[in-house]
Amino acid sequence: MEAARFDLSHPPFNLLTLAESSSLAASADMLFFSDDQEILPTGSTVDALYLVLKGLVREMAYEELVGVYREHETFDCRALATGKTMHRFVAHEEALLCVFPRQDVLMLTEKNPAFGAYFFATVSDKFGQLAQKRDRREWQSLFAAKISDAGFRSPVFADAAATVADAARLMKERHRRSIFVRDGVRIGIFTTGDFCDIVANAVSSRTPLKEHAQFSLLSCEKDDSLFNALLLMTRRNIHRIVVTEHGAPIGVLAQADLLSYFSNHSLSIARQLEMAVNVDDLARAMQDMEALVAALATQGMKMPQLARLVQALNAQMMARLWQMTASPEVFAGSALLALGSEGRGEQILKTDQDNALILAEGLDEKELAQAADNFTEHMLRLGYPSCPGGIMVNQKLWRHTVRDWGQILQDWARQPRGDALMNLAIFWDAEVVAGPASWLAACRNALRAGLHDDATWFSRMALPIEQFQPKRTEGGFWWQLLNREENARLDIKKAGIFPMVHGIRVLALEADVEAANTFDRLEALVSKNVLDGSLADDVAESLAFLMRLRLEAGLEADLEAVQGQKAMSNEVDTASLSTLDKDLLQDALLVVKRFKQMINQRYRLDRF
């Protein structure tokens, strides 16, 4: 049978060479099935791979619809590995199928590793190897680059006893904007920025250098990733970091070095935020950030890394806005928190405001309330919609002193109601964006002190993974696909992201894991032997994939939503997904199901 009779340009056949696809097509046959005719019964021996040429095929687990296959889509890939199918396959409407002999397919899986990964890889490996719809080699190598790859400037040292004038001459001679200062075993840094203070304060040029050098160095090891250096500069608003080898300074990595290596302008955005004097300046910087997000997502930057970068820039924006909005007394006497997905560093597009304040004692309540109201209004102007649940600083419930927060968190923990426990969960994911981080640590310590090793409490905490479900259409979103609906929409957050994030959050709380980010929590839970490593890998890859689907849906949304005039939707049109993305979505939802079953068993949610 000629290869031209089949379209083998879709996954997994697009992974084959021309010779391999021609050989496979030559061994193929075609079968016809009428409406509702069974193709494969549950547990039957699988001796072929099926490709749908025309029609619709449904996959059934008992009476539950768990898969839909249309033109250019294959089944049952998973059964090729075991030789038997777990589910039942039925022609929903007249179906014309191309049938490839199992032995011929298996032979190609041995010859072609990428093709083989489609059938035999674990879920995490499959996401890693097959979800590469674009040429990502450039960005993969970029974000795998080490600091040493970018190059850095060799160190220039001066003695701590040297004068400021000596430092100026040395920096001029060596064309440097910074030098290291050696004071016994201590190593510090002196930069051109330090001259501003010296001149402004009329400091004598004969003053010893050690009196103006900075001995608290921000540094990265030379073998650390360049991305971590970028993130450190972005978070701290600094122009340079010290490069170390086994802790000893060996050079300086300047912002200019990074800008020459990276083709994006995240540092430029950070500088815009730092220099902003009004909300209009912040709005322009945030528009640039939206363009940066779209560019990095299109060019293949991994979702966890992209989310961390966005978190750093958002935190800087919120801190700058709070400084603009609050009086000096209120700003100095408060810690601004980002909550929820923003606090975890897992939000990429603008979403509902989730923020809170920890306050010093004795602040003027009227002045504080005015600052909080203005901050919320400015966030709306910047495109961050109001939180439907009112989790914002303009609500009194979300601004308290350390002492009062500790009491409130303990009260929430004692209440069995879902809203109190979800409030606690949202606060548990907090990140300080402005103000003393020690205040948040004190609040968390107060919460831990009020928790007991109570299995029922953790069960109630985990219960929302069963209660927070997607809005059901008739039969679910698979039935939408089966009915060929053009907009077969699935709420990605409710169907997959929330169950994984919240389940991991409860496990982390029980295991006393400090990390707020879900990917970091997964690593910690594996290291504590709370979670199986293979399941953790599958959850991490599935979560990253669902985050990408949500981001791509958001980037394609109408202009009104993208600009923040209304909340971004979590819905994805599954009918518009590619064959590969539909297959990966099915894998991801199976991982969600497996993870939820584990949480259900661990916390015995069937009791509620």
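Observations on the structure shown:
- Criterion applied to 10, 72 was being under 21 Å from residue 92 (Cα atoms) and part of a loop (DSSP other than H, G, I, E, B), and the one residue passing it is 72.
- Within segment 157-166, at least one residue is open to solvent by less than 30 Å² (accessible area, probe 1.4 Å), out of contact with any His (no Cβ under 7 Å at 6 or more places or on another chain), in a loop (DSSP other than H, G, I, E, B) and aliphatic (A, V, I, L, M).
- Residues that are over 26 Å from residue 429 (Cα atoms) and of a type in the set (Gly, Ala, Ser) were ranked within segment 295-323; the one that is most open to solvent (accessible area, probe 1.4 Å) is 295.
- Selection count, segment 82-106, where residues are open to solvent by 50 Å² or more (accessible area, probe 1.4 Å) and without any contact (Cβ under 8 Å) to a residue 60 or more places away in the chain: 7
- Residue among 176, 153 that is open to solvent by 20 Å² or more (accessible area, probe 1.4 Å), closer than 23 Å to residue 224 by Cβ, under 40 Å from the mean Cα position of the chain (by Cα) and free of Cβ contacts under 8 Å to residues at least 24 places away in the same chain: 176
- Meets criteria (under 30 Å from residue 290 (Cβ atoms) and open to solvent by less than 40 Å² (accessible area, probe 1.4 Å)) for residue 369: no
- Taking every residue in segment 234-255 that is closer than 21 Å to residue 308 by Cβ and pairing it with any residue that is open to solvent by 50 Å² or more (accessible area, probe 1.4 Å) and part of a helix (DSSP H, G or I), at least 6 positions away or on another chain, the pairs with Cβ-Cβ distances below 7 Å are 237/274.
- Every test in (1) open to solvent by 40 Å² or more (accessible area, probe 1.4 Å); (2) assigned to a helix (DSSP H, G or I); (3) out of contact with any helix residue (DSSP H, G or I) (no Cβ under 6 Å at 6 or more places or on another chain); (4) not hydroxyl-bearing (Ser, Thr, Tyr) is passed by residue 388 save one, and that test is (2).
- Tallying residues that are surrounded by fewer than 19 Cβ atoms within 10 Å (Cβ to Cβ) and more than 15 Å from the chain's Cα centre (by Cα) within segment 498-523 yields 3.
- Beta carbons closer than 6 Å, at least 6 apart along the sequence or on distinct chains, pair a first residue in segment 49-64 that is farther than 17 Å from residue 590 by Cα with a second that is in a strand (DSSP E or B) and among the charged types (D, E, K, R) for 55/93; 55/94; 56/93.
- Segment 197-221 - residue that is in contact with a helix residue (DSSP H, G or I) (Cβ under 8 Å, 6 or more places away or on another chain) and of a type in the set (Gly, Ala, Ser) and, of those, farthest from residue 245 (Cα to Cα): 204
- Reported count of residues in segment 55-70, each being open to solvent by 40 Å² or more (accessible area, probe 1.4 Å) and either more than 33 Å from the chain's Cα centre (by Cα) or at pLDDT 90 or above (or both), is 2.
- So residue 34, is it hydroxyl-bearing (Ser, Thr, Tyr), in contact (Cβ under 8 Å) with a residue 40 or more places away in the chain and open to solvent by 60 Å² or more (accessible area, probe 1.4 Å): no
- For segment 277-318, the set of residues classified as at pLDDT 85 or above and not in a helix (DSSP H, G or I) consists of 277, 278, listed by residue number.
The values are calculated or read from the model by the stated rules, or taken from the named source; none is laboratory data. Just so you know, these numbers come straight off a predicted model, no measurement behind them. Methodologically, a virtual Cβ is constructed for each residue, glycine included, from the backbone with ideal geometry; neighbour enumeration extends over all protein chains shown. To get the accessible areas, we keep the full protein, side chains included, count just its heavy atoms, and leave off ligands, DNA and RNA. Shrake-Rupley method; radii C 1.70, N 1.55, O 1.52, S 1.80 Å.
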